[in-house]
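The values are calculated or read from the model by the stated rules, or taken from the named source; none is laboratory data. For clarity, every value in this text was computed on a predicted model and none was experimentally measured. Ideal geometry is used to build each Cβ from the backbone, glycine not excepted, and the neighbour counts take in all protein chains shown.
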């Protein structure tokens, strides 16, 4: 398999996974699937604004599904060779840094 094929499969997998998270997580299954919330005690879960958090969480992951192909396309146009994969890989961390800082407001 050529490197380009592997990258395309990786990008497609990541995008579909993010989309599945964005559509799949809801108030009923959040107590099992959202890290941090699933380890809170029942009384702390009651105090936590899960609906407000999901109003941030779900659209974030739906939009995030577009990030891998867009960033790969930009990297492909701007860079050449193996550097594309390295820069693209590091770029995938950026949205999660934003996610962590934004999520802290819901504590």
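Observations on the structure shown:
- Qualifying positions in the range 60-93 - surrounded by fewer than 12 Cβ atoms within 10 Å (Cβ to Cβ) and either closer than 16 Å to residue 36 by Cβ or in contact with a helix residue (DSSP H, G or I) (Cβ under 9 Å, 6 or more places away or on another chain) (or both): 78, 82, 83
- Residue list for the range 78-93, restricted to those being under 18 Å from residue 65 (Cβ atoms) and not in a helix (DSSP H, G or I): 92, 93
- Selection within the range 62-77 - over 15 Å from residue 7 (Cβ atoms) and in a helix (DSSP H, G or I): 62, 63, 64
- Members of the range 20-32 that are assigned to a helix (DSSP H, G or I), modelled with pLDDT of 95 or more and surrounded by fewer than 16 Cβ atoms within 10 Å (Cβ to Cβ): 20, 23, 24
- Selection status of residue 11, closer than 19 Å to residue 85 by Cα and in contact with a helix residue (DSSP H, G or I) (Cβ under 7 Å, 6 or more places away or on another chain): yes
- Pair list, Cβ < 6 Å and 6+ apart or interchain, from the range 10-30 residues that are more than 17 Å from residue 52 (Cβ to Cβ) to residues that are at pLDDT 95 or above and surrounded by fewer than 17 Cβ atoms within 10 Å (Cβ to Cβ): 11/69
- Residue match in the range 32-47 (condition: over 18 Å from residue 100 (Cβ atoms) and within 18 Å of the chain's Cα centre (by Cα)): yes
- Condition met for residue 46 (at pLDDT below 95 and within 30 Å of residue 107 (Cα to Cα)): yes
- Selected residue [exposed (fewer than 15 other Cβ atoms within 10 Å of the Cβ), under 12 Å from the mean Cα position of the chain (by Cα), part of a helix (DSSP H, G or I) and modelled with pLDDT of 95 or more] from 57, 96: 96
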